[in-house]
Amino acid sequence: MIIWITGQHCSGKTTFARRVIELLQACERNTCWIDGDQWRVMNNNQSYSKPGRLRNLVSAMRAALAIEDEYTVVVCSFVSPYREIRERLKSATDVVEVHCHTKRPMQFPERSTTYEPPLVDYIDVCTDCEHQVYLDAIDKVVELAVAQTQPSDSQNEEYIL
């Protein structure tokens, strides 16, 4: 299973991903985390242009598809501004899409791009709204992942790409 966490810069994607991974490991699930900032460095692609973003997203999605199995939950946290590419991933496999957003003003307007929020089949998370709503969203994502994966028969492992 893949959990794809999307949203503008500084919207709480990384914090949300960390907490989901922590809880999944407590439920004896192996996890692999692919984070957009690290992925850019690994792929030597710091471009925020549309072609640069698409290269990063497509390669991350391919990696997630190659890694996912019945024992590993792949957690991806990317801005991923283009709805069409996220929908393509959702049509290819079992994906829980999480849309993180905040009420705070954007911190990096130079990285700004037209962001296309999800329209269907996603979990909406306001990361600086009511705390219980935020916690409920984390629990919902973890419950979905636990229901669709098998416990690890080895020590819980976390892979970070």
For segment 73-82, does any single residue satisfy the condition of being at negative phi, modelled with pLDDT under 95 and loosely packed, with under 15 Cβ neighbours inside 10 Å? no
I need the full set of residues from segment 17-32 which are part of a helix (DSSP H, G or I) and more than 9 Å from the chain's Cα centre (by Cα), in order please. Arg18, Arg19, Val20, Ile21, Glu22, Leu23, Leu24, Gln25, Ala26
Among the candidates Arg53, Arg88, which residue alone is on the phi < 0 side of the Ramachandran plot and surrounded by fewer than 16 Cβ atoms within 10 Å (Cβ to Cβ)? Arg88
Out of curiosity, is Lys50 among the basic types (Lys, Arg) and within 21 Å of Val142 (Cα to Cα)? no
The correct count of residues that are surrounded by fewer than 21 Cβ atoms within 10 Å (Cβ to Cβ), more than 16 Å from Met1 (Cα to Cα) and either touching a residue at least 24 places away in the same chain (Cβ under 8 Å) or of a type in the set (Ser, Thr, Tyr) (or both) in segment 13-25 is 3
Tally time: how many residues in segment 115-161 are hydroxyl-bearing (Ser, Thr, Tyr), within 30 Å of Lys50 (Cα to Cα) and either exposed (fewer than 15 other Cβ atoms within 10 Å of the Cβ) or modelled with pLDDT under 95 (or both)? 3
Note on segment 54-78: residues within 16 Å of Ile5 (Cβ to Cβ), of a type outside the set (S, T, N, Q) and in contact with a helix residue (DSSP H, G or I) (Cβ under 9 Å, 6 or more places away or on another chain) are Leu57, Ala60, Met61, Ala63, Ala64, Val73, Val74, Val75, Cys76, Phe78
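Conditions tested, residue by residue: (1) over 25 Å from Leu24 (Cβ atoms); (2) without any contact (Cβ under 8 Å) to a residue 60 or more places away in the chain.
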| position | (1), (2) |
| --- | --- |
| Ser47 | yes, yes |
| Lys50 | yes, no |
| Val73 | no, no |
| Arg86 | no, no |
| Arg104 | yes, no |
| Tyr122 | no, yes |
| Val142 | no, no |
Anything in segment 127-140 that is in contact (Cβ under 8 Å) with a residue 40 or more places away in the chain and more than 22 Å from Val95 (Cβ to Cβ)? List them, or say none. Asp128
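The values are calculated or read from the model by the stated rules, or taken from the named source; none is laboratory data. This is a predicted model, so every value here is computed, not measured. Quick reminder, even Gly has a Cβ in these numbers, built from the backbone with ideal geometry, and neighbours come from all protein chains shown.
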